[in-house]
1. Say whether the condition of being at pLDDT 95 or above, surrounded by 13 or more Cβ atoms within 10 Å (Cβ to Cβ) and charged (D, E, K, R) is met by at least one residue in region 216-237.
2. Could you please tell me which pairs satisfy a Cβ distance under 9 Å, a separation of 6+ or placement on different chains, a first residue in region 76-105 that is within 16 Å of Ala54 (Cα to Cα) and in the same structural domain as Gln57 (by TED's automatic domain parsing), and a second residue that is part of a loop (DSSP other than H, G, I, E, B) and of a type in the set (S, T, N, Q)?
3. Out of Ala116, Ala121, Ala100, Ala111, I need the residue that is touching a Pro at 6+ places or on another chain (Cβ under 7 Å) and either at pLDDT 95 or above or of a type in the set (A, V, I, L, M) (or both). Which one?
4. Considering only region 152-175, state which residues are touching a residue at least 40 places away in the same chain (Cβ under 8 Å), over 24 Å from Gly194 (Cβ atoms) and not aromatic (Phe, Trp, Tyr).
5. Looking at Thr55, Thr49, which is the one that is assigned to a helix (DSSP H, G or I), under 17 Å from Tyr135 (Cα atoms) and modelled with pLDDT of 95 or more?
6. Contact list please: Cβ distance under 6 Å, first residue in region 1-30 and at positive phi, second residue at pLDDT 95 or above and among the aliphatic types (A, V, I, L, M), pairs at least six apart or on different chains.
7. Evaluate the following for Thr88: is it in a helix (DSSP H, G or I) and modelled with pLDDT of 95 or more?
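The values are calculated or read from the model by the stated rules, or taken from the named source; none is laboratory data. As the structure is a computational prediction, the values presented were derived from the model and not from experiment. Because the Cβ atoms are built from the backbone with ideal geometry, glycine has one as well, and the counts that use them run over all protein chains shown.
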Amino acid sequence: MTYCVGMMLEKGLVLMSDTRTNSGVDNISTFRKMNHWEIPGERMIAVMTAGNLATTQAVISQLEERNKAPSERHNSLLDAETMFQVATIVGNLLRDTIAARASDNGQDAAAGTFSATMIVAGQIKGMEPRLFLIYPEGNFIEASFDTPFFQIGETKYGRPILIRGYDREMTFEAAVKLMTVSFDSTLKANLSVGLPLDLLVIERDHFTPHHERRIDAADPYFQAVSTGWGEALKQALDALPDYRMDPDLQDAAE
């Protein structure tokens, strides 16, 4: 399992992913789930992946090959005219890869064994930053004012804080803090999600990474947020009205 979040802000895009891959509690590895490509001054595109590791690596490898040969590119992300075309290319490639792997193993192409989902984010010069969620079938949806962020992988533990804390006008720094809390909550609840985390910030109309880093277990900021969030939750809980078993006392408290 994994956990990835892509968030749309007025200032641009913020992406974060974990790096844990496991096939049982005794077989845990670290693999990058976030990849990005750029043409400085012209486009910035990022892809995050969750699901079957062999499937996602096959898709990313094919995208890499297409992007490396400018004179021979076919369906390259660096040639696509719009982010919608980028999402279509990734979706088609994901669908075809799942179908091919399922067929090779004698299974229905819809079998969940080889399933994966992806988040595609980026901007092409002269157009708006865009964010897409790609499904295993190759179809996709786009982020909007009503749905301003996407999650893939182990989503349920980190979602409540994102819903409560998100503001489209928030700064990149505030968004990173919000995401860090979301990931910390997920890490505490599910061992299949793990450090280090990869962070990428894409500023509107700047076609190189605005900020990029890897956050490991010894990172002072992550430790401070994790500890501070836990203490803040305890203080908030203590500040709420106490529950009374005696109905008369409960009525008086209300």
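1. yes
2. Leu93/Asn75; Arg95/Asn139; Ile98/Asn52; Ile98/Ser115; Arg101/Asn52; Arg101/Gln107
3. Of Ala116, Ala121, Ala100, Ala111, the one residue that is touching a Pro at 6+ places or on another chain (Cβ under 7 Å) and either at pLDDT 95 or above or of a type in the set (A, V, I, L, M) (or both) is Ala116.
4. Passing the criteria: Arg168, Glu169, Met170, Thr171.
5. On the way: Thr49 fails: assigned to a helix (DSSP H, G or I).
Going through Thr55, Thr49 in turn, just one is assigned to a helix (DSSP H, G or I), under 17 Å from Tyr135 (Cα atoms) and modelled with pLDDT of 95 or more: Thr55.
6. Gly12/Ile202
7. Values: in a helix (DSSP H, G or I): yes; modelled with pLDDT of 95 or more: yes.
Yes.
Yes/no per residue for (1) within 14 Å of Tyr3 (Cβ to Cβ); (2) of a type in the set (Lys, Arg); (3) exposed (fewer than 15 other Cβ atoms within 10 Å of the Cβ); (4) more than 19 Å from the chain's Cα centre (by Cα):
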position: Ser103; (1), (2), (3), (4): no, no, yes, yes
position: Gln123; (1), (2), (3), (4): no, no, no, no
position: Glu128; (1), (2), (3), (4): no, no, yes, yes
position: Ala143; (1), (2), (3), (4): no, no, no, no
position: Ile163; (1), (2), (3), (4): no, no, yes, no
position: Asp167; (1), (2), (3), (4): no, no, yes, no
position: Met170; (1), (2), (3), (4): no, no, no, no
position: Thr180; (1), (2), (3), (4): yes, no, no, no
